[in-house]
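The values are calculated or read from the model by the stated rules, or taken from the named source; none is laboratory data. Computed from a predicted structure; not experimentally measured. Cβ placement follows ideal geometry from the backbone for every residue including glycine, while neighbour counts extend to all protein chains displayed. Surface accessibility is based on the protein's heavy atoms, side chains included, excluding ligands, DNA and RNA. Shrake-Rupley method; radii C 1.70, N 1.55, O 1.52, S 1.80 Å.
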Amino acid sequence: MKVWTNRHETFKQNIDNLFDVTNGDTGNLLADYNATTSAIGQFIQTAARQGKEVRALGGGWSFTKVATTNGWMLNTKHLNAVFTISAANIAPQYAGPRDQLLFAQCGNSVQELNNYLKRANRSLKTSGASNGQTIVGAFSTGTHGAAIDFGATQDFIVGMHIILGANNHLWLERASHPVVSSAFIQKLQTRLVQDDELFNAALMSFGSFGFIHGVMLETEPLYLLECYRQQLPYNESLQHIMATLDFSKATFKPHGNERPFHFQVVVNPYDMKDGIYVTTIYKRPYTPHYKPWIRDFTKAGPGDDAPAFLGKLAATVPHLSPVVVNQLVKTTYAPFEGYWGTSGEIFYNTDARGKICSTAFGIPIRYVNDVQALLMELNQTAGPFAGVFAYRYVKASKATLSFTPFEPTCVVEIDGAESEVSMRYYRAVWQALLQRNIPHAYHWGKMHNLNAATVKHLFGNKRRQWLEARSKLLPPQTIKVFNNTALLELGLTEQIAAPLPV
């Protein structure tokens, strides 16, 4: 028995074993990829025969055990092949630009993809703050970013190569959005499944729909981001923007009421008199003549989320109290003007460590100010919470169990020092959301109070759709391999439909 610890050190997981998996090096990238497919299929078959559970290990970014197992974990970080897609590999019916597709193996980190795409004058459409996540780990748990008119990371995924066992793997894409040609399917020696419901369910599956070996991404031309952070009064004008995303009367410097690409608000509950922190990021055409911002590792950068800078603080100040957090936020989360960079340069963090805790949930934006008032109220009765509140905005996702299902969604993040006081505060927030009938859904990779009953309550028929899709895609013996304790507790292990014929 071995012990594995996640990146944020919020839990330790007993595991039977951890395996590293790498591609071969024959000089034929496609042949090496296919050989890895075969090897992973055999691995899954061995696990099924021995009664072992299996989970793919990405960047280890999740705060919860949803993506772990007490069985066998497969380290995927060395599976980082990238393939350009020629016209012969694209379906004739494909509706998008032919040069935007990229096929990436599962272990590619977001940072690796950013670096690769920049060399090709391309970019990801959005990302979270933490580029150390693997691409599959990021979208499988719902990493969302804050691109207000796009969506979360899963929304630029248009195809998945999923391994279910020995000689059993498939390419899954939406029937409404065909992507690959028969030539592509033949090259991967797989079979094609086109089904919107199955695809939407598999997008948000936290490693439970089989081993996602490769994914097709839709990218876009390289662009720049122009970034500002201001400290502004939490007044009626700002409250209106937060609850509507109506920027028509905004006066953000230096671009007034221009609608930003990225919008985020961070609240330090112990410094409301000096205002709250508003980050606005504007999308600009790429030019090689820009002056990149210079990182100051003592400050929170333009793309840093709260866990990134609080984690750095926790590493140097082990006992974060409200007083300490208040002072350190003032000195670390400082305003700035006119920082420029590509998406990969602005959202660059790859080392978010430290004993911190985080919960996040999506809500319809009309409830934003109600939730802010609730968080401040509970800080008096269930706190004091040593941390900050953040509000990010994204378009609704089509993923069946997405926690950003509202159009648009505000993602409320509550990040702070790991302690029993923090957990008491979280429990009070979770209970109040239910009691006050505020529609919400929890980030699967962050702390939450979900169990089988609350999943049924919050997701309703979507839960059944997800279970049906999983039952159809995975044979019964494979479902057992990709179950885990967290899935059992969430009531997401039932097989309620017959598997598709192979």
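Give me the net charge of Leu79's neighbourhood, meaning all other residues with Cβ under 15 Å from the Cβ of Leu79; Lys, Arg count +1, Asp, Glu -1. Could you put the intermediate results ahead of the total?
On the way: positive: Arg55, Lys77; negative: Asp20, Asp25, Asp32, Glu112.
With Lys, Arg at +1 and Asp, Glu at -1, the neighbours total -2.
Using alpha carbons only, how many angstrom separate the centre of the stretch 231-291 from the centre of the stretch 326-388?
Cα centroid of the stretch 231-291 versus Cα centroid of the stretch 326-388: 14 Å apart.
Amide H to amide H, which residues 5 or more places from Glu53 or on other chains are under 5 Å from it, using H placed in the peptide plane?
Gly71, Trp72
Given only helices, namely DSSP H runs of n ≥ 4 each adding -39500 (n - 2.57), what is the per-residue ellipticity at 222 nm of the chain, to the nearest 500 deg cm²/dmol?
On the way: 15 runs with 150 residues, N = 502.
That calculation yields -9000 deg cm²/dmol at 222 nm.
Through the Karplus equation 6.51 cos²θ - 1.76 cosθ + 1.60, θ set to phi - 60°, convert the phi angles of the stretch 140-154 into ³J(HN,Hα) values in whole Hz; use x for Gly and Pro.
Listing the rounded values in order: 6, 10, x, 3, 10, x, 8, 7, 5, 10, 10, x, 8, 4, 5 Hz.
Need the C-alpha centroid separation for the stretch 158-195 versus the stretch 25-52, integer Å.
Each part reduced to its Cα centre gives a spacing of 17 Å.
Given Cα pairs under 8 Å that are at least 6 residues apart, what percent is the relative contact order of the chain? Could you put the intermediate results ahead of the total?
Numbers: 1133 pairs, mean separation 88.7, N = 502.
This gives 18 percent for the chain.
Between helix 110-119 and the chain, what is the angle of the helix's C-alpha long axis to the longest principal axis, kept within 0 to 90° and rounded to the nearest 10?
That works out to roughly 80 degrees.
Return the Cα extents of the stretch 406-477 along principal axes one, two and three, sorted largest first, each rounded to a whole Å.
Largest first, the stretch 406-477 extends 44, 29, 22 Å along its Cα principal axes.
With angles folded into 0 to 90 degrees, how steeply does helix 461-473 sit against the dominant principal axis of the chain? Use alpha carbons for both and round to 10.
It is inclined by approximately 30 degrees.
Long-range amide H contacts for His213: which residues qualify at under 5 Å (H placed 1.01 Å from N, peptide plane, sequence gap of 5 or more or a different chain)?
Under 5 Å from the amide H of His213 lie the amide H atoms of His161, Ile162, Ile163, each far enough along the sequence or on another chain.
List, largest first, the extents of the alpha carbons of the chain along their principal axes, each in whole Å.
63, 50, 40
Considering only protein heavy atoms, with the full assembly of protein chains and a 1.4 angstrom probe, order Glu377, Glu53 by accessible area, largest first. Numbers along the way, then the final one.
Values: Glu377 85, Glu53 45 Å².
The ordering from most to least exposed comes out as Glu377, Glu53.
Which pairs break 23 Å Cα to Cα here: Lys77/Lys283; Lys77/Lys456; Lys291/Lys355; Lys125/Lys462; Lys65/Lys355? It would help to have the intermediate numbers written out before the result.
Values: Lys77/Lys283 31 Å; Lys77/Lys456 34 Å; Lys291/Lys355 35 Å; Lys125/Lys462 27 Å; Lys65/Lys355 16 Å.
Where the Cα-Cα span goes over 23 Å, the pairs concerned are Lys77/Lys283; Lys77/Lys456; Lys291/Lys355; Lys125/Lys462.
Roughly what angle does helix 29-50 make with the longest principal axis of the chain, taking Cα atoms, 0 to 90 degrees, to the nearest 10?
Between helix and principal axis, roughly 90 degrees.
Would you kindly work out the equivalent ellipsoid of the stretch 382-502 from its C-alpha gyration tensor and give its semi-axes, the square roots of five times the eigenvalues, largest first in whole Å? Let's see the in-between values first.
Details: eigenvalues 192, 57, 32 Å².
Ellipsoid semi-axes (Å, largest first): 31, 17, 13.
In the stretch 23-88, what percent of the accessible surface is made up of carbon and sulfur (1.4 Å probe, ligands and nucleic acids excluded)? Walk me through the numbers before you get to the answer.
Values: 1400 of 2750 Å².
Answer for the stretch 23-88: carbon and sulfur cover 51 percent of the accessible area.
Kindly provide the Kirkwood hydrodynamic radius of the stretch 105-203 in Å, to one decimal, from all pairs of distinct alpha carbon atoms.
Working: mean 1/r = 0.0684 Å⁻¹.
For the stretch 105-203, inverting the mean 1/r across all distinct Cα pairs yields 14.6 Å.
Equivalent-ellipsoid semi-axes (√(5λ), Cα gyration tensor) for the stretch 397-439, whole Å, largest first? Kindly include the intermediate steps, with their values, before the conclusion.
On the way: eigenvalues 117, 38, 14 Å².
Ellipsoid half-lengths, sorted descending, are 24, 14, 8 Å.
Give or take rounding to whole Å, what are the principal axis extents of the alpha carbon atoms in the stretch 445-502, in descending order?
Principal-axis extents of the Cα atoms in the stretch 445-502, largest first: 37, 23, 16 Å.
With a cap of 14 neighbouring Cβ atoms within 10 Å, and only residues DSSP puts in a loop, list the trypsin sites (Lys or Arg not before Pro) found in the stretch 411-496.
On the way: sites: Arg424, Arg427, Arg436, Lys446, Lys456, Lys462, Arg463, Arg464, Arg470, Lys472, Lys480; in loops: Arg436, Lys446.
Qualifying residues, ordered by number: Arg436.
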